[in-house]
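See structure below.
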Amino acid sequence: MNSVIKVSFIYRDLNQPLISKTSKVSYSYGKSDSLGFKNSNLAKILKYFKLDSRSKTFSSDNNEILDISETLIIPEDYSLLLSSGTKITFGSGVGLVVKGSLQVEGGKGQVVSLSGRGNAEWGGVLVIPNQQPVEINYLLMDGGSGIINGLYHRGAFTVNNAHVSINNSIFQNNNSEDALNLVQ
């Protein structure tokens, strides 16, 4: 079972008075827990991605350029497909959480790219698909802090509890513990 709790740290610097800091910490990932992330409403997601309601798949068009300015949380019942050549930039502190399956369908010369807008410190990507497939081909993941909605994750790109296939992809310039973190 996952728990997000507050932890107080008190430490002593011999040259300063006691300092106390409280942070939100995620101690573990539950096998089917979504870490308390509330789903984005469909209208919010549809500002950025189109929806095939029959397959319940949000997607980008080939070579689409998207600038996302708010954290998106794709619900459990839906999938996300990033098509060949898609380029997504994220605003400062903004991230992407996918609770369903994820497919990144880049190709040689048609890489899918995820990065911060300008020099923005963006949150990164968290995928919690509850054993659904995650297939990543030709992805360039640039940056990411691993901090989404105030919760720290070990990777700028974290996948938890999934069947994962990653090919021809680069994870670089992250500001988290790991560029890529695969859990369970």
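Each reported figure results from applying straightforward, stated rules to the coordinates on display, with no laboratory input. This structure is a prediction, so every number in the text was calculated from the model and none was measured. For neighbour counting, all protein chains shown are included, and Cβ atoms are generated from backbone atoms with ideal geometry for every residue, glycine included.
Overview of values
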{"quantity": "Additional length obtainable on full extension of the chain from Leu51 to Arg154, 0.36 nm per residue less Cα span", "calculated": "34.0 nm"}
{"quantity": "Summed residue charge, Cβ within 14 Å of Leu180's Cβ, Lys/Arg positive, Asp/Glu negative", "calculated": "-2"}
{"quantity": "Alpha carbon centroid spacing (whole Å) that separates the stretch 170-184 from the stretch 35-51", "calculated": "24"}
{"quantity": "Across Lys47/Lys87; Lys38/Lys108; Lys50/Lys87, pairs whose alpha-carbon gap is larger than 26 Å", "calculated": "Lys38/Lys108"}
{"quantity": "Rg/Rh for the stretch 65-184, where both radii come from Cα atoms and Rh is the Kirkwood radius", "calculated": "0.92"}
{"quantity": "Ranked by how many other beta carbons lie within 10 Å on average, peptides 125-138, 39-52 from highest", "calculated": "125-138, 39-52"}
{"quantity": "Sites Ser69 and Glu135, calculated FRET efficiency, Cβ-Cβ separation with R0 30 Å, nearest 0.05", "calculated": "0.65"}
{"quantity": "Net charge of Cβ neighbours under 13 Å - reference Pro75; Lys, Arg +1; Asp, Glu -1", "calculated": "+2"}
{"quantity": "Total formal charge among the other residues, if their Cβ is under 9 angstrom from that of Pro129, Lys/Arg +1 and Asp/Glu -1", "calculated": "0"}
